[in-house]
Amino acid sequence: MNPEGADFYDWWGRHSFLYRLLDGMTSPLRKQGVQQFREDCDIVLDLGCGTGRSLELIENRIQGEAIGVDYSEAMIEEASGNKPNSSGLIRSDARSIPLPDSSVDGVFMSLALTAMPEPEKVASEVNRVTRKNGTVVVIDTTVPRSKLIRRAYRRIARWNGADVKRILNDEFESVETVREFDMGLGHILKAEN
């Protein structure tokens, strides 16, 4: 995320009770998304981890460790309270993930890619850090047909208008829709390289 985006999410981090309310609404989707990872994963990256609520879900699913990355300092602070081992938290721009090539078995993103600038560059970085035959799970919005809903997304969620499925198809060998939700306004996608 860029500094402007970080300010927006820093606000959410300082008002975590509101964030937790919205977060609770996405909990079933995150649980279904996390189930897409193989249990034998050593490292899964939660990119745009926010308050870190998915980190425990990931660590309960895999044999290894979940690492959370977010650009917002307030979100990383909040996440450190939700992750017993806060050494697995990194404050970083998703366009330049500070991990070596092919270093993670999977990447999880929940309502993050459409909030980041240059989502194509983010997807390229995700592909770079993901090992061959790794799994990328993205829970995000689709491109709404309604101009009114698109405007609301941009204003409320800093939505960037990205077509997530197209971006993933351009970057990864296979992309499948695991589930559509909210009458087609969102989806869980699974990509493999």
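Bear in mind that the values in this text are calculations on the coordinates, not laboratory data. From a predicted model like this one, the values you see are computed outputs, not experimental measurements. A quick note on method: Cβ atoms are made from the backbone with ideal geometry, for glycine too, and the neighbour counts reach across all protein chains shown.
Going down the list Lys31/Lys190; Lys147/Lys190; Lys121/Lys147; Lys121/Lys190, which pairs span over 24 Å between their C-alpha atoms?
Going by Cα-Cα distance, Lys147/Lys190; Lys121/Lys147 fall outside the 24 Å limit.
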With N residues in segment 47-146, Rg(alpha-carbon) / (2.2 N^0.38 Å) equals 1.04
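From the helices alone, meaning DSSP H stretches of at least four residues, give me the mean residue ellipticity at 222 nm for the chain, per-run term -39500 (n - 2.57), in deg cm²/dmol to the nearest 500.
After summing the helix terms and dividing by the residues of the chain, the value is -12500 deg cm²/dmol.
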Correct response: the longest run of the chain lacking exposed trypsin sites (Lys or Arg not before Pro), defined by DSSP loop and at most 15 other Cβ within 10 Å, is 39-144
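Which residues make up the longest stretch of the chain that has no GluC sites (Glu not before Pro) in a DSSP loop with at most 14 other Cβ atoms within 10 Å?
In the chain, the maximal stretch lacking such sites is 40-172.
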Phi angles of segment 40-50, converted by Karplus (6.51 cos²θ - 1.76 cosθ + 1.60, θ = phi - 60°) into ³J(HN,Hα) in whole Hz with x for Gly and Pro, give 7, 5, 8, 9, 10, 8, 9, 8, x, 5, x
With the charge dipole of the chain built from beta-carbon charges (+1 for Lys and Arg, -1 for Asp and Glu) about the Cα centre, the Cα from Leu168, Tyr153, Gly33 projecting farthest to the positive end belongs to Tyr153
Correct semi-axes for the chain, from √(5λ) of the alpha-carbon gyration tensor and rounded to whole Å with the largest first, are 22, 20, 16
extent check for segment 100-166: Cα max minus min per principal axis, descending, whole Å, gives 40, 17, 17
